[in-house]
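As structure tokens, the structure follows; a few thoughts come after it.
The values are calculated or read from the model by the stated rules, or taken from the named source; none is laboratory data. This is a predicted model, so every value here is computed, not measured. Glycine gets a Cβ as well: all are built from the backbone with ideal geometry, and neighbour counts include every protein chain shown. Ligands, DNA and RNA are stripped out before the accessible areas are found, and what is left, the full protein with its side chains, is counted by its heavy atoms. Shrake-Rupley method; radii C 1.70, N 1.55, O 1.52, S 1.80 Å.
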Amino acid sequence: TGRLRRAFLRPVTEKEVAARLESFRDEGVFTVDLGLRGYLASMAGKYEEAAQWLEKAVQAKPGGAWERNEYGAVLARMNRLEEAIAQFEAAMRIDPAYGPTMWASHGNLLRRLGKSAESIGSFQEAMKHWPDHVEVQVGFVGALIETGQLDQALELSARAVEQHPDDADAFVWRAAALARAGKKEEAVAALNKALELDSANEDAKRLLNEFK
């Protein structure tokens, strides 16, 4: 029947799930256990431990898009960017429709490595399937700005803030596009809106300081 079919009959906490997994220590290893252990460690900020579990999950199930996506996300948090990109690319080959975050993460990692031109393809592919996903939109806006495609960046950033009026990052990247277009007052207004939505947004604070 499988160990993970032992269902709780009520909502459970992360601590309870971790305890249940610990109770399986003396039983045979299931791939899902490895992935869940890695996921829980990642949620707790224990990225080294998470990477170890998720690497084992990928080895046990090399054709698993979820396992590779989660492993890539943890490697990215550890600044192991090239390795993270490789895991996302493997997940993309296994299941291109896995989800928008996978494509956005891949594109944003390429941008972090200074490969914005290469990232365009990831964002374009994501936009075909999830054109209204805010993480895809803002990442694509950044890539468009970085590759000098300002008109498209302005158009997409305007759409992002219209569709996601409660998302601070959408306004931050709208401001970035406006600033690049020389529209300082509109950019400042967008940044102020971002801080209204999220007073701790470091990107908004940094950009505002650059205008002073």
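Screening Gly99 against (1) at pLDDT 95 or above; (2) open to solvent by less than 60 Å² (accessible area, probe 1.4 Å); (3) within 15 Å of the chain's Cα centre (by Cα) leaves a single unmet condition, (1). Would you confirm whether any residue within the stretch 90-108 is in contact with a Leu (Cβ under 8 Å, 6 or more places away or on another chain) and part of a helix (DSSP H, G or I)? No, because not a single residue in the stretch 90-108 is in contact with a Leu (Cβ under 8 Å, 6 or more places away or on another chain) and part of a helix (DSSP H, G or I). Output yes when any residue across the stretch 178-201 is outside any helix (DSSP H, G or I), farther than 28 Å from Gln87 by Cα and open to solvent by less than 30 Å² (accessible area, probe 1.4 Å), and no when none is. Within the stretch 178-201 (the criterion being outside any helix (DSSP H, G or I), farther than 28 Å from Gln87 by Cα and open to solvent by less than 30 Å² (accessible area, probe 1.4 Å)), the answer is yes, since at least one residue qualifies.
Of everything in the stretch 102-117 that is aliphatic (A, V, I, L, M) and over 12 Å from the mean Cα position of the chain (by Cα), the residue that is most open to solvent (accessible area, probe 1.4 Å) is Ala117. What are the residue pairs meeting all of these: first residue in the stretch 160-179, first residue farther than 12 Å from Asp203 by Cβ, second residue modelled with pLDDT under 95 and not in a helix (DSSP H, G or I), Cβ atoms under 6 Å, and 6 or more apart or on different chains? Once the first residue is farther than 12 Å from Asp203 by Cβ and sits in the stretch 160-179, no partner that is modelled with pLDDT under 95 and not in a helix (DSSP H, G or I) comes close enough. Where residues in the stretch 120-148 are part of a helix (DSSP H, G or I), of a type in the set (S, T, N, Q) and under 19 Å from Arg174 (Cα atoms), which of them is least open to solvent (accessible area, probe 1.4 Å)? This residue is Gln137.
Yes/no matrix, rows are residues, columns are (1) open to solvent by less than 80 Å² (accessible area, probe 1.4 Å); (2) more than 27 Å from Ala90 (Cβ to Cβ); (3) at pLDDT 90 or above:
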site	(1), (2), (3)
Lys15	no, yes, no
Ala19	yes, yes, no
Leu34	yes, no, yes
Ala50	yes, no, yes
Tyr71	yes, no, yes
Val74	yes, no, yes
Met78	yes, no, yes
